[in-house]
Amino acid sequence: MPKLERLLHGLLAALLCLTLVSAQASEAPVVAANPEIEARMMVLAAELRCLVCQNQTIADSHAGLAEDLRQQIREMLAKGMSERQILDYMTERYGDFVLYRPPFKPSTLLLWVGPGLLLLLALGTLWRVLQRRQRLAPEAFDPDTPDEDAAR
Amino acid sequence: MNRFLLPLGAFLLLALFLALGLRLNPREVPSPLIDKPAPSFQTSSLARPEALIRREDMLGKVWMLNVWASWCAACRDEHALLVDFSRRGVAPIYGLNYKDKREDGLGWLNRFGNPYTDTLFDPDGRIGIDYGVYGVPETFVIDRAGVIRYKHIGPVTPEVLRDKIEPLLRKLANA
């Protein structure tokens, strides 16, 4: 019966929609001694790269070094060091690579500007190719006519 | 001709970048401490807990700092080489026992040999952090004035010893 079918279809659709509200299991939040310091530490840790698992931040990584550095950051925050001071502390020891976002310096200029430049270059080449094609006679696009003849 | 030269040129350029890039090791993080003073430390000796070793004690001599741990498999690769090297008496090697337990560290040295004039005990890795250690083993060369002159990441190989470390040690000793 169409009515029952429609009801069942509607029910199925509703059930499928519920799967969109997916269950997201995340790690149990650390019950830290000082939640405020913990929160500030995680913000800083998200700006630093884990040197062992180099695609992750110190906030995400489970590596031993990452845990040590998180502890170090907690202690520095408790001592009252500013974020700038803590980041400087890390780059003094590990270099710029420890910053998850590469700083904008002369040495990283190509890194930042490179993709944009390449894009401009590619678009420019595309423009020139298209312009050149506009000027060709219609015969150039005829598959039966050899290219040299049509270019004249 | 031009139609072919331009893409060919671009390809050769990319191939050049690839060739250069393949020779680099992305996991190697160059140390910002080269030519900077070695960070200060004061910690107990691994074998003699009551004895303190301080960075100031090292001033005046050229020395190597080798970071190792009993749980580090790669450290075993270089250890025999270091034991040999220490016997030649070119420069004293001090160990930094990183994030280890005293008994484990001492046991390891008993089993595999002890090339170190003395070993610093760094159970929570704080000295390691000060020196920018991110993966054992790592080896530093420090000069008479206490300035870090060279850092090698990973196990020391005979080539590195022969081509980089030993010449540097001799140069610093004669300076």
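Would you mind stating whether A:Ala78 is more than 14 Å from chain B (Cβ to nearest Cβ) and open to solvent by less than 30 Å² (accessible area, probe 1.4 Å)?
Spelling it out, it is not the case that A:Ala78 is more than 14 Å from chain B (Cβ to nearest Cβ) and open to solvent by less than 30 Å² (accessible area, probe 1.4 Å).
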One residue from B:Pro32, B:Pro26, B:Pro37 being in contact (Cβ under 8 Å) with a residue 12 or more places away in the chain, open to solvent by 70 Å² or more (accessible area, probe 1.4 Å) and of a type outside the set (D, E, K, R): B:Pro37
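Within the range B:13-27, does at least one residue satisfy the condition of being of a type in the set (D, E, K, R) and over 20 Å from the mean Cα position of the chain (by Cα)?
Yes - at least one qualifying residue is present in the range B:13-27.
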Counting only residues that are within 13 Å of another protein chain (Cβ to nearest Cβ) and among the β-branched types (Val, Ile, Thr), which one in the range A:86-114 is surrounded by the most Cβ atoms within 10 Å (Cβ to Cβ)? A:Val98
Among the residues of the range A:41-75, which ones are within 11 Å of another protein chain (Cβ to nearest Cβ) and open to solvent by 40 Å² or more (accessible area, probe 1.4 Å)? A:Val52, A:Cys53, A:Asn55, A:Gly64, A:Glu67, A:Gln71, A:Glu75
Need at least 1 residues that are open to solvent by 30 Å² or more (accessible area, probe 1.4 Å) and touching a His at 6+ places or on another chain (Cβ under 7 Å) per element, so show me which helices (runs of 4 or more DSSP H) inside the range B:64-173 make the cut, counting only ones lying wholly within it. B:102-112
More than 23 Å from B:Leu169 (Cβ to Cβ) and either more than 19 Å from the chain's Cα centre (by Cα) or open to solvent by 60 Å² or more (accessible area, probe 1.4 Å) (or both), is that true of B:Pro49? yes
Have a look at A:Glu27, A:Glu83, A:Glu38, A:Glu5 and point out the one that is at pLDDT below 90 and away from chain B (no Cβ under 14 Å). A:Glu27
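The values are calculated or read from the model by the stated rules, or taken from the named source; none is laboratory data. All figures in this text were calculated on a predicted structure; none of them were measured in a lab. Cβ atoms come from the backbone with ideal geometry, glycine included; neighbour counts cover every protein chain shown. Surface accessibility is based on the protein's heavy atoms, side chains included, excluding ligands, DNA and RNA. Shrake-Rupley method; radii C 1.70, N 1.55, O 1.52, S 1.80 Å.
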